[in-house]
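J.: For reference, the structure I am asking about is given below.
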Amino acid sequence: MQAGEKKQQKLKKRLENVLKDKDLQQQKLFLAELEKQLNVSREDCAAALLYLVSPGLFQNLDGSKSMQHKKTSKPPVIRPALPKSVRYRLHVGALHGVSEDEIKQVLVQESGVDIKRITRVDIKSDYTVVELPDGMPADIFQILSETEIRQQKLNLKRLRPQRRYRRYKR
């Protein structure tokens, strides 16, 4: 099974769990509203949302993105600014023999986050600090917390934002 197929299987499993366990009435209403406002089908809305969640999910064998449905007459899409990043502490570090690439690869495989949105990986002796996009779903957070690298659980913990300037009382 190729990497792309593994990602698709993981996404299918996550979708099955959400469909089974969650009340999606509000999301259905919002999707119906989008369908009317944008004058597109629900299938197109769902496909666009899937792309937003996991833009690199479908790639050709050579690694390039599929261009089958791209229309040349449309102007290029201006992408919104990336959401703010959140710092997380992973319970794996240099003592465990991990590399930045290895950490990024596991984060991409397990969470589906775009590798370009992992903005910082700071490997310390027994832990690592990474910055990931804000808004991580609880189920992904749980999966990442239980994921292992080199037989070491990540035990993902969200870190408080750093204060850039401290005021000292004199």
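Read the figures in this text as sums done on the coordinates, not as results from a lab. What you see is a predicted model, and the numbers here were worked out from it, not measured in a lab. Virtual Cβ from ideal backbone geometry, glycine too; neighbours counted across all protein chains shown.
J.: For the stretch 82-165, please list each of the strands (runs of 3 or more DSSP E) lying entirely inside it that holds at least 1 residues being more than 18 Å from the chain's Cα centre (by Cα) and closer than 30 Å to LEU19 by Cα.
T.: So the answer is none; nothing clears 1.
J.: A further question follows. So which residues in the stretch 146-162 are in contact with a strand residue (DSSP E or B) (Cβ under 7 Å, 6 or more places away or on another chain) and of a type in the set (Lys, Arg), if there are any at all?
T.: Those that are in contact with a strand residue (DSSP E or B) (Cβ under 7 Å, 6 or more places away or on another chain) and of a type in the set (Lys, Arg): LYS157, ARG158.
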